[in-house]
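The values are calculated or read from the model by the stated rules, or taken from the named source; none is laboratory data. Treat the numbers as computed from the prediction; the structure is a model and nothing was measured. Note that each Cβ is placed from the backbone with ideal geometry, even for glycine, and that neighbours are counted across all protein chains shown.
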Amino acid sequence: MDAIAPETALARLQWRYATKKFDPTKKIPAEVWSVLEQSLQLAPSSTGLQPWKFAVVTDPAVRQKLHAAAYNQPQVLDCSHLVVICAKAPPTIADAERHVARTAEVHGVSVESLEKFRGMVVGVADKPADEASAWAARQAYIALGMFLTTAAMIGVDACPMEGFDPPKFDEILGLAKHGVKSFALAAAGYRVPGDKYATAPKVRLPIDEVIIRF
């Protein structure tokens, strides 16, 4: 598979910004959205455990309820797709066993042959609940980054958001029955033409202040 040219990748990252104003009349085509969903599915995680779920909200009635719980931020209503990034609270031994079984299935080997790997995965899940939950939340942010980068590469606008009431979101979406809690949002769609923030210079520290070279 041919790699994306470095200058193209950099141009796409320069193009993206935390979109404040989405065009509510423009929806992400199904075939494009499928790629973004797969970017979440393909996100890496420690031991491959994938201690997350992603609630994709397109129902206007549900979005209206979430809007108030997101301090009335317009992106929640105006974006094409709203993704609620959720993490296992906490991941369980059953989750670990499921992952080992799935690994055996995909690789075409026996579960018994993965005993050493199983010990690693179970060890991650068999931590104190608060420690395991915090670990799962950190993993979920990796998936968020994967989603934002993929969106930029395929020309979809996105906005990562933490300005919302997680317990209220959990309640509205019934996330407890899925064993997860919400930690972040990603609104995705297409920017309003002429949004001044789209062309505003990015405020970033000089590269030599953020890269430590040895």
Filtered residue count, region 1-41, keeping only those that are among the hydroxyl-bearing types (Ser, Thr, Tyr) and either in contact with a helix residue (DSSP H, G or I) (Cβ under 8 Å, 6 or more places away or on another chain) or in contact (Cβ under 8 Å) with a residue 40 or more places away in the chain (or both): 3
List pairs: first in region 51-72 and among the aliphatic types (A, V, I, L, M), second at pLDDT 95 or above and part of a loop (DSSP other than H, G, I, E, B), Cβ under 7 Å, 6+ apart or cross-chain? 69/164; 69/165; 70/163; 70/164
Return the residue satisfying two criteria in turn: it lies in region 133-172 and is outside any helix (DSSP H, G or I) and of a type in the set (A, V, I, L, M), and of such residues it is farthest from residue 11 (Cα to Cα). 161
What is the one condition in (1) farther than 18 Å from residue 180 by Cβ; (2) surrounded by 11 or more Cβ atoms within 10 Å (Cβ to Cβ); (3) charged (D, E, K, R) that residue 112 does not satisfy? (2)
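Residues are listed down the side, and each one gets a yes or a no for (1) charged (D, E, K, R); (2) surrounded by fewer than 16 Cβ atoms within 10 Å (Cβ to Cβ); (3) over 14 Å from the mean Cα position of the chain (by Cα):
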site: 139; (1), (2), (3): no, no, no
site: 146; (1), (2), (3): no, no, no
site: 193; (1), (2), (3): no, yes, yes
site: 201; (1), (2), (3): no, yes, yes
site: 204; (1), (2), (3): yes, yes, yes
Please verify whether region 42-58 includes one or more residues that are surrounded by fewer than 15 Cβ atoms within 10 Å (Cβ to Cβ), out of contact with any helix residue (DSSP H, G or I) (no Cβ under 6 Å at 6 or more places or on another chain) and over 30 Å from residue 124 (Cβ atoms). yes
Residue 149 vs. criteria over 30 Å from residue 20 (Cβ atoms), of a type in the set (S, T, N, Q) and in contact (Cβ under 8 Å) with a residue 40 or more places away in the chain: no
If we keep just the residues of region 115-132 that are among the basic types (Lys, Arg) and part of a helix (DSSP H, G or I), which is surrounded by the most Cβ atoms within 10 Å (Cβ to Cβ)? 118
Within region 149-160, tally of residues that are surrounded by fewer than 21 Cβ atoms within 10 Å (Cβ to Cβ) and in contact with a strand residue (DSSP E or B) (Cβ under 7 Å, 6 or more places away or on another chain): 1
Hits in region 72-109 - residues which are surrounded by 18 or more Cβ atoms within 10 Å (Cβ to Cβ) and among the β-branched types (Val, Ile, Thr): 76, 83, 84, 85, 100
Filter result for the condition that a residue is hydrophobic (A, V, I, L, M, F, W, C), within 24 Å of residue 62 (Cα to Cα) and without any contact (Cβ under 8 Å) to a residue 60 or more places away in the chain, over 185, 144: 144
Could you list, in sequence order, the residues of region 15-35 that are within 20 Å of the chain's Cα centre (by Cα) and polar (S, T, N, Q)? 19, 34
